[in-house]
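Q: Got a structure for you, questions after.
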Ligand SMILES: [Zn+2]
């Protein structure tokens, strides 16, 4: 077992007016991602302050916006065929792909060779505990079929990823539940770094990093949550964003290797985590991403994995969670410890 969960801490003092200007010492814990070395900061004392920053969900505002945007929504069933773009014939002769209530078509705004939009289903708005496993299984199967089809016609587009922005605080301009799907010839920068470090890890330790991560987290039991079908879930030791969990698809380096158990496992895990976000953390906005190694190439060092995270609650005075320290220092800081989150999420598994 070669994996290292490196952390260190330092203190900072203030004289706090809310405590009669008594000295208050705060401990900051610094954690380093065991694969990439990227550092993250935790201040458990921020939890109190975060209550002022993390506004509760404004249910009335969401209801109002859902009603206002429902009419004329291009992702709703009555408009999807007349209002959404089509792929050129060399990519998809039929223009769009459909599987049951799920659809995939090009985004109006392209940032990679393929920037697509996958619409999950016919519902215009869903609360986080209203997404169903069946809905996601159908949807993910369609995305994998899409990647397989496009890759067979454009084999140079071997890097693919999909994920979700839900509600405006997570970067979504359309309320209707959907996933951006990207395909490109060069790896996405963070994926590139994960793949390179995974290869370095294998070379240095003669063991696959992801296998080592699962085994070590299971043995430690502090952040390991559980398994859904083939997929293993844990709270991220050094997360990219807040309240984050990592899911690993063991032995599968890319989407084209996914089988039924992998797709069902992702669907079940995501559904459980969304229920946890809503019912335990009272969150309503989130992102997730599913990473893939190069399509059609067996990669022994890198395994496909998922990251899922909350974003600020949607309310009329919400506070964004990417301040300058995150934007310009590439530091990110959190209140809830991964061990706490894993412990709470276990009840949903
Ligand atoms: Zn809609």
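The values are calculated or read from the model by the stated rules, or taken from the named source; none is laboratory data. None of these values were measured; they are calculated from a predicted model. Cβ atoms come from the backbone with ideal geometry, glycine included; neighbour counts cover every protein chain shown.
Q: So, in the range 109-136, how many residues would count as being surrounded by 18 or more Cβ atoms within 10 Å (Cβ to Cβ), more than 16 Å from the ligand (Cβ to nearest atom) and assigned to a helix (DSSP H, G or I)?
A: 2
Q: Of the residues that sit in the range 57-67 and are over 24 Å from the mean Cα position of the chain (by Cα) and more than 14 Å from the ligand (Cβ to nearest atom), which one is surrounded by the most Cβ atoms within 10 Å (Cβ to Cβ)?
A: That would be 61.
Q: For the range 68-90, how many residues meet the condition of being under 17 Å from residue 316 (Cα atoms) and within 11 Å of the ligand (Cβ to nearest atom)?
A: Qualifying residue count, the range 68-90: 1.
Q: Now for a different question. Under the condition of being under 28 Å from the mean Cα position of the chain (by Cα) and part of a strand (DSSP E or B), which residue from the range 1-32 is surrounded by the most Cβ atoms within 10 Å (Cβ to Cβ)?
A: Going through the qualifying residues, I end up with 31.
Q: Pairs under 7 Å by beta carbon, first residue not assigned by TED's automatic domain parsing to the domain that holds residue 122 in the range 74-87, partner within 9 Å of the ligand (Cβ to nearest atom), six or more apart or different chains?
A: Matching pairs, first to second residue: none at all.
Q: Search the range 282-297 for residues being in a loop (DSSP other than H, G, I, E, B) and in contact with a helix residue (DSSP H, G or I) (Cβ under 8 Å, 6 or more places away or on another chain), and hand back the single one that is farthest from residue 167 (Cα to Cα).
A: So the residue we want is 296.
Q: Is it the case that the range 251-262 has a residue that's surrounded by fewer than 20 Cβ atoms within 10 Å (Cβ to Cβ), more than 17 Å from the chain's Cα centre (by Cα) and modelled with pLDDT under 95?
A: No, the conditions are met nowhere in the range 251-262.
Q: Name the residues in the range 1-22 that are farther than 30 Å from residue 217 by Cα and in contact (Cβ under 8 Å) with a residue 12 or more places away in the chain, would you?
A: 12, 13, 14
Q: Quick one: how many residues across the range 69-89 are assigned to a helix (DSSP H, G or I) and either surrounded by fewer than 16 Cβ atoms within 10 Å (Cβ to Cβ) or in contact with a helix residue (DSSP H, G or I) (Cβ under 6 Å, 6 or more places away or on another chain) (or both)?
A: 4
Q: For the condition within 16 Å of the ligand (Cβ to nearest atom), surrounded by fewer than 22 Cβ atoms within 10 Å (Cβ to Cβ) and modelled with pLDDT of 95 or more, what is the one hit in 101, 145?
A: Step by step, each of 101, 145 is checked, and only 101 is within 16 Å of the ligand (Cβ to nearest atom), surrounded by fewer than 22 Cβ atoms within 10 Å (Cβ to Cβ) and modelled with pLDDT of 95 or more.
Q: If you take the residues of the range 153-171 that are modelled with pLDDT of 95 or more and within 16 Å of the ligand (Cβ to nearest atom), which of them is farthest from residue 253 (Cα to Cα)?
A: The extreme case among them is 166.
Q: Could you identify the single residue in 92, 41 that is in contact (Cβ under 8 Å) with a residue 12 or more places away in the chain, in a loop (DSSP other than H, G, I, E, B) and either within 26 Å of the chain's Cα centre (by Cα) or in the same structural domain as residue 154 (by TED's automatic domain parsing) (or both)?
A: Matching residue, one of 92, 41: 92.
Q: A follow-up question, please. Among the residues of the range 302-343, count how many are in a strand (DSSP E or B), at pLDDT below 95 and within 30 Å of residue 208 (Cβ to Cβ).
A: 1
Q: Can residue 188 be described as more than 26 Å from residue 314 (Cα to Cα), away from the ligand (no atom under 16 Å from the Cβ) and touching a strand residue (DSSP E or B) at 6+ places or on another chain (Cβ under 7 Å)?
A: Judged against the criteria, residue 188 is a match.
Q: Here's something else I'd like to know. Could you tell me whether residue 319 is surrounded by fewer than 20 Cβ atoms within 10 Å (Cβ to Cβ) and under 20 Å from residue 168 (Cα atoms)?
A: yes
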